[in-house]
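Enquirer: First the structure, then my questions, so here it is.
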Amino acid sequence: MSKTLTEIAELLKNANNKVQLIYAFNGTGKTRLSREFKHLITPKGEEATDPPVLSRSKILYFNAFTEDLFYWDNDLALDAQPRLRIQPNSFTDWLLAILRDLGQDGNIVRYFQHYTSNKLTPHFSEDFSEVTFSLERGDNESSGNLKISKGEESNFIWSIFYTLLDQVISTRNVPEPEDRETREFDQLEYVFIDDPVSSLDENHLIELAVNLAGLIKASPTDLRFVITTHSPLFYNVLHNELGLNKGGKKEGCYLLGRLDDGSFDLCVKYGDSNKSFSYHLHLRQTLEQAIAAGQVQRYHFTLLRNLYEKTASFLGYPQWSALLPDDKQAYMNRIMQFTSHSTLSNESVTEPTPQEKQTVKLLLDHLVANYGYWQQEEGQSA
């Protein structure tokens, strides 16, 4: 049944789960869901009470809006060296004051260098309002201030959030509130994390997922987590590290989808296999929907070819055409007609005829029915 993001946020809020893990393709609405969830936990009216209930008291969240709080001051006109500034607001002022007062800048640097380079060094200003970066060469010389890449910047921002989360959990694990080094986290109920770092290589992405799962497992029972991601690998590692694959568990594991009318659905994800999230299954579903609706277009031949290529690569065939039915050359020519760019400007390729549209169905059915790879997928997604 279709739902609004607000309704899905309510389902997540009302669920009695320590961790809720959600997979969704990019552009589906993960970031907007995090905002809707935050508004449910701390409605705007609560912040107007006396004393105000600030959102950070009940929920911490990491998403694209978190990254937007950091921006570069290049000041090229005055030939100043680049620096990463932190947008001042009630949240960043609180965050940076906490990390500064607890002496956490060293941990931020350590986490950041672990995922990038031990020579790439952040330097916080005295008031933590800006950061410069240098490349330490190991001979008491540095490169001067550098502007780091977008991927490195994302890693740095995640390192700040991860350091905060680590501090939250270690603080909350002190049984007696009066013995804690800060009382700032006493009322915290939820942590919402949307796609932490998309620029990591697979090894570091796995390590990040393992480390995050370790923090979650070490956290107090009354602190709950919602994690969304577009990465099958990140999802799968978290699923296994958090023990969601034990005893046939499926509660708290979801697939978020966006429907044609702009509404959404949240389907329970069974099992720990990430294969049903992979791009190849998305291609198959797109083709099946077009065939069922009688809406096969030229670009569906490109998707079909892509699907054959991925299957051939997985099964070890040197050419994707080896998977085609008996009259391989004829079928390959037909696919190539719709997937190759014209070499002359006055050439045009007509839209598929009804017979050619039927060819898409025939070749898709052939691929699914004749290769154990797809038959295994059928069994795992059933």
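Enquirer: May I ask you to list the residues in region 214-235 that are hydrophobic (A, V, I, L, M, F, W, C) and buried (at least 20 other Cβ atoms within 10 Å of the Cβ)? Before you say what the answer is, go through the steps one by one.
Expert: Step one: list which residues in region 214-235 are hydrophobic (A, V, I, L, M, F, W, C), which gives 215-216, 218, 223, 225-227, 233-234.
216, 225, 226, 227, 234 - these are the residues of region 214-235 that are hydrophobic (A, V, I, L, M, F, W, C) and buried (at least 20 other Cβ atoms within 10 Å of the Cβ).
Enquirer: Could you say whether any residue in region 240-249 is assigned to a helix (DSSP H, G or I) and either within 24 Å of residue 3 (Cα to Cα) or at pLDDT 85 or above (or both)?
Expert: So far as region 240-249 goes, yes, one or more of its residues are assigned to a helix (DSSP H, G or I) and either within 24 Å of residue 3 (Cα to Cα) or at pLDDT 85 or above (or both).
Enquirer: Within region 102-124, how many residues are free of Cβ contacts under 8 Å to residues at least 40 places away in the same chain and more than 25 Å from residue 202 (Cβ to Cβ)?
Expert: Result for region 102-124: 6.
Enquirer: Could you please give the count of residues in region 152-170 that are among the polar types (S, T, N, Q) and either within 15 Å of residue 60 (Cα to Cα) or not assigned by TED's automatic domain parsing to the domain that holds residue 111 (or both)?
Expert: Within region 152-170, residues that are among the polar types (S, T, N, Q) and either within 15 Å of residue 60 (Cα to Cα) or not assigned by TED's automatic domain parsing to the domain that holds residue 111 (or both) number 3.
Enquirer: Considering region 1-55 alone, what residues qualify as being assigned to a loop (DSSP other than H, G, I, E, B) and either at pLDDT 95 or above or closer than 21 Å to residue 216 by Cβ (or both)?
Expert: Result: 4, 15, 16, 17, 18, 24.
Enquirer: Which count do you get for residues in region 145-188 that are of a type in the set (Val, Ile, Thr), closer than 23 Å to residue 87 by Cβ and assigned to a helix (DSSP H, G or I)?
Expert: Of the residues in that region, 4 qualify.
Enquirer: Yes or no: region 164-176 includes at least one residue that is more than 27 Å from the chain's Cα centre (by Cα), of a type in the set (D, E, K, R) and surrounded by fewer than 12 Cβ atoms within 10 Å (Cβ to Cβ).
Expert: Looking for residues that are more than 27 Å from the chain's Cα centre (by Cα), of a type in the set (D, E, K, R) and surrounded by fewer than 12 Cβ atoms within 10 Å (Cβ to Cβ), one finds at least one in region 164-176, hence yes.
Enquirer: Sticking with this structure for a sec: Take residue 201 and tell me if it is surrounded by fewer than 14 Cβ atoms within 10 Å (Cβ to Cβ) and either charged (D, E, K, R) or in contact with a helix residue (DSSP H, G or I) (Cβ under 8 Å, 6 or more places away or on another chain) (or both).
Expert: yes
Enquirer: Of the residues in region 124-135, how many are under 25 Å from residue 60 (Cβ atoms) and touching a helix residue (DSSP H, G or I) at 6+ places or on another chain (Cβ under 9 Å)?
Expert: Residues flagged as under 25 Å from residue 60 (Cβ atoms) and touching a helix residue (DSSP H, G or I) at 6+ places or on another chain (Cβ under 9 Å) within region 124-135 amount to 5.
Enquirer: Taking the options 185, 133, 156, name whichever one is buried (at least 18 other Cβ atoms within 10 Å of the Cβ), among the hydrophobic types (A, V, I, L, M, F, W, C) and farther than 29 Å from residue 228 by Cα.
Expert: Within the list 185, 133, 156, the selection yields 133.
Enquirer: Hey, can you tell me all the residues within region 67-123 that are in a loop (DSSP other than H, G, I, E, B), out of contact with any helix residue (DSSP H, G or I) (no Cβ under 7 Å at 6 or more places or on another chain) and within 18 Å of residue 150 (Cβ to Cβ)?
Expert: Once the filter is applied, which keeps residues that are in a loop (DSSP other than H, G, I, E, B), out of contact with any helix residue (DSSP H, G or I) (no Cβ under 7 Å at 6 or more places or on another chain) and within 18 Å of residue 150 (Cβ to Cβ), region 67-123 yields 74, 82, 87, 117.
Enquirer: State which residue pairs qualify: first residue at negative phi and inside region 11-39, second residue aromatic (Phe, Trp, Tyr) and assigned to a strand (DSSP E or B) in any location, beta carbons under 6 Å apart, and separation of 6 or more residues or different chains.
Expert: 19/225; 22/254; 34/61; 34/192; 37/192; 38/61
Enquirer: Name the residues in region 87-116 that are among the β-branched types (Val, Ile, Thr) and at pLDDT below 95, would you?
Expert: Within region 87-116, 92, 98, 116 meet the criteria.
Enquirer: Sticking with this one: Going by what's in this entry, would residue 144 be described as surrounded by fewer than 19 Cβ atoms within 10 Å (Cβ to Cβ) and within 29 Å of the chain's Cα centre (by Cα)?
Expert: So residue 144 does not fit the description; no.
The values are calculated or read from the model by the stated rules, or taken from the named source; none is laboratory data. Worth saying up front: this structure is predicted, and the values here are computed from it rather than measured. Glycine also receives a Cβ, built like all others from the backbone with ideal geometry; neighbour counts cover every protein chain displayed.
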